[in-house]
Amino acid sequence: MDQLLVHGGSTLKGAVNISGSKNASLPILAATLLTEDPCIIRRVPDVSDTNYMVQILNALGADVERSSGTVRITAGDVSHVAPYEQVRRMRASICVMGPLLARHGRAVVSLPGGCVIGDRPVDLHLRGMEALGAKVEFEGGNIHLSAPDGLRGAEMDLRGGSGPTVLGTGNVMMAACLADGVTVIESAAAEPEVVDLADFLTGMGARITGAGTRRITIEGVPALHGVEHTVIPDRIEAGTFMAAAALAGEGVTLRRVRRDHMEAVTRALEASGHSVAFNDRGDTCKVNRGGSPSGVELETAPYPAYPTDMQAQMTALLATTPGISVVKDTIFPQRFMHCAELKRMGADIKVDHGVAVVRGVERLSAAPVMASDLRASAALVLAALTASGSTVINRLYHIDRGYEHIDEKLEALGADVERVKV
Ligand code: UD1
C-alpha cells in the first residue's frame, strides 16, 4: 500500500497538463457495450477507476486494448451478468446496467455497497429502468432486470431528494437509446460528463437532444455503431490544481482545460482573492495566489453550481485562508471526513449537519494522516503542500482512483513529494 510523503514549503511554478475526465470516461467505457462494433476512446486517464471499468468490460467478454490513453473496445459477444467480484470495487460500475439491459433485454448487476461519503442508493437508476418497462428484482445482493419484450420509451422524472443524479441520468440515457419510441428525462443532471456521454452516444448513431439541460429527449433507434471519441478534460483534476496553485503557487498554468466547465470554481477562487486568467480560447489558464486572500461562503449543488467533488480541496485551501469560511455540502452532507484529518494538522474546523465552519489559521503542521476517499485524499495533499514539516498520507490508493500521476505532476511543478512503498 503506497504512502505519499509531502515535504511542505515548496512553491509551485510552471505548467501542468490536465488529463481526460475520469467521470466522463467511466460511463463512456460502459456505453461501448451498446454495440458489437469497435469503439475508440482517446484521453482516458490511466487511473484505477478506469482500470476497474476495463476489467469489468473484459470480464463481460469484451475485447479491450489500451495504450497511452487510447482504449479500443469491441463488445462482440458479451454476457448480461456483471460479476460481484468486479463490480464491488467501484460504485460507478452500476453504469453497465443500462447498456446491458438495452442490449440483452436483461441484466444482472451486483448492488453497490456503502460508501464513505454517504449512503449512495441507486433507486433513481432503477426508477428510470422501470419507467422504460424493465422488471426489477433483488436476489443475493444482485439486481435482476428483465424486459423480455424490449424497452419502451417513456417520460420520467429522475429528481431525488438531493436533486438530479449524474450516473443515473447517464444510465437511463444509455438504455433509452435502443428503446422503442421516445424517452423524456425530466430533472436530468446537466453535468459536462452527461453531455460528453450524450456526444459519444450521438456519435454511435443515437438521437439525443437537450443534454446539458434539465430535460433530455432520446428517440430510440434499432442499433448503434462504433465511434471514435476524445474525452473532455477532467474539471475536478483541473480544480484541484487551481486550488493547489492558489495555496502554494507563484503563477501556475493549467493546459487542456475548458473555461466553461470551470466557472463555479473560478468564481470561488476569485471571491477568495485569487486570480484566474484564461486565454482567449479558454483552454489554458494561469492561477495566481492573491496578496490578501479572505474566507468565503461556499455551497455545493448540481452543475453549474459549485461541485461537491471540489469541496474537500477548497476546504483545505480555506484552512489557511485568513477569516471565517462556511462550506456547505448539499449533495453529500456527510462528506467531511477530511476535516478530522485536517484538524490533526492544526486546522480550526467545526462540522455540523453538512456545514463546515473554517477559521483560517496561519499555518498547518505535518502529521501522519489517512486518506478516506478520493477527493478527501487530494485535500490532504493540498494541505500538506504548505504545512510545516513532512506529512505522511496513508491509503494512497484512494487518490490513485482518480488522479493520473498526481505525484509526478506536482513534482514537475516544484513540490517536494515522494511516493513510498510500504
Ligand atoms: C457522480 C460522480 C461523483 C460526484 C457525484 C455528484 C461519477 C463516477 N461520480 O456520482 O464523483 O460526487 O456525481 O456530483 O461520475 N442519489 C439517490 N438515488 C440514486 C442516485 C443518487 O438518492 O439512485 C443521491 C445521492 O445519494 C446524492 C445525489 O443523489 O445525494 C447525487 O448523486 P449522483 O449524482 O447520483 O452521484 P453519482 O452519479 O453516483
Can you list the residues, at least 5 places off or on another chain, whose amide H is less than 5 Å from the amide H of Ala154, using H built in the peptide plane?
-> Thr183, Val184
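Using a 1.4 Å probe on the protein heavy atoms, what percent of the accessible area of the chain belongs to carbon and sulfur? Each step should come with its number before you reach the end.
Values: 7500 of 16160 Å².
That share works out to 46 percent.
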Report Rg (one decimal) and Dmax (nearest whole number) for the chain, counting Cα atoms only, units Å.
-> 21.3, 65
Take the alpha carbon gyration tensor of the stretch 22-230, find the square roots of its eigenvalues, order them as a ≥ b ≥ c, and report rounded if a/c is under 1.5; if not, report prolate when a/b exceeds b/c, else oblate.
-> rounded
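Using 0.36 nm per residue of separation minus the Cα-Cα distance, give me the extension gain between Asp123 and Ser67 in nm, one decimal. Don't jump to the answer; show the numbers that get you there.
Details: separation 56, 0.36 × 56 = 20.16 nm, distance 3.61 nm.
Net length gain for the segment: 16.6 nm.
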Which distance in nm do the two modelled labels at Glu299 and Lys286 give, with both placed 7 Å along the Cα-to-Cβ direction?
-> 3.5 nm
What share of the DSSP beta bridges in the stretch 22-230 is antiparallel, in percent to the nearest 5?
-> 75 percent
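Calculate how many DSSP beta bridges within the chain are antiparallel, expressed in % of all such bridges and rounded to the nearest 5. Don't skip to the answer; put the middle values down first.
Working: 57 of 81 bridges.
Close to 70 percent.
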Tell me the label-point distance for the pair Ala223, Val357, using the 7 Å Cα-to-Cβ offset, in nm and rounded to one decimal.
-> 6.4 nm
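Between Glu411 and Arg256, what length in nm is gained on full extension when 0.36 nm per residue of separation is reduced by their alpha carbon distance?
Numbers: separation 155, 0.36 × 155 = 55.80 nm, distance 1.88 nm.
Full-extension gain reported as 53.9 nm.
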Pick from Ser48, Ser388, Ser377: which is most flexible by mean-square fluctuation in a GNM of the chain where alpha carbon atoms under 10 Å apart are linked?
-> Ser388
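Stretched out fully, how many nm does the piece from Ile324 to Glu418 gain, at 0.36 nm a residue minus the Cα gap? Please list the in-between numbers first.
Values: separation 94, 0.36 × 94 = 33.84 nm, distance 3.26 nm.
In short, 30.6 nm is gained.
Tell me the mean residue ellipticity at 222 nm calculated for the chain from its helices only (DSSP H runs of n ≥ 4, each -39500 (n - 2.57), averaged over every residue, nearest 500).
Working: 14 runs with 131 residues, N = 422.
Value at 222 nm, helices only, nearest 500: -9000 deg cm²/dmol.
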Using only Cα atoms, locate the centre of the stretch 242-288 and the centre of the stretch 10-49, then give the distance between them in Å, rounded to an integer.
-> 21 Å
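Just for the stretch 281-422, what percent of DSSP beta bridges are antiparallel, to the closest 5? Each step should come with its number before you reach the end.
Numbers: 10 of 19 bridges.
Bridges in the stretch 281-422 are about 55 percent antiparallel.
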Table column - 3J(HN,Hα) (Hz), the stretch 74-90, Karplus curve with 6.51, -1.76, 1.60, x for Gly and Pro = 10, 9, x, 10, 10, 6, 9, 10, 8, x, 4, 3, 7, 5, 4, 7, 8
Rounded to whole Hz, the Karplus (6.51, -1.76, 1.60) HN-Hα couplings of the stretch 142-148, x for glycine and proline | 10, 9, 9, 10, 9, 8, x
Of the residues Pro368, Pro45, Pro304, which exhibits the maximal mean-square fluctuation in a Gaussian network model of the chain defined by a 10 Å Cα contact cut-off?
-> Pro368
Asp63 long-range amide H proximity, modeled H, under 5 Å | Thr74, Ala75, Gly76
Rounded to one decimal in nm, the spacing of the 7 Å Cα→Cβ label points at Glu130 and Ala277 is 5.5 nm
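How much accessible area per residue does the chain have, counting only protein heavy atoms and a probe of 1.4 Å, in square angstrom? Mind showing how you got there, number by number?
On the way: 16160 Å² over 422 residues.
So the chain comes to 38 Å² accessible per residue, rounded to a whole number.
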Before anything else, pin down the relative contact order of the chain: Cα pairs under 8 Å, at least 6 apart, normalised by residue count, whole percent.
-> 21 percent
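Among 89-98, 219-228, how do they line up by average Cβ neighbours within 10 Å per residue, starting with the highest? Before the final figure, lay out the partial values.
On the way: 89-98: 24.5, 219-228: 16.3.
Highest-to-lowest ranking by the protection proxy: 89-98, 219-228.
The values are calculated or read from the model by the stated rules, or taken from the named source; none is laboratory data. Everything numeric in this text was worked out from a predicted model, so none of it was measured. Note: ideal-geometry Cβ built from the backbone for every residue, glycine included; neighbour counts use all protein chains shown. Calculation scope for accessible area: heavy atoms of the full protein, side chains included, ligands and nucleic acids excluded. Shrake-Rupley method; radii C 1.70, N 1.55, O 1.52, S 1.80 Å.
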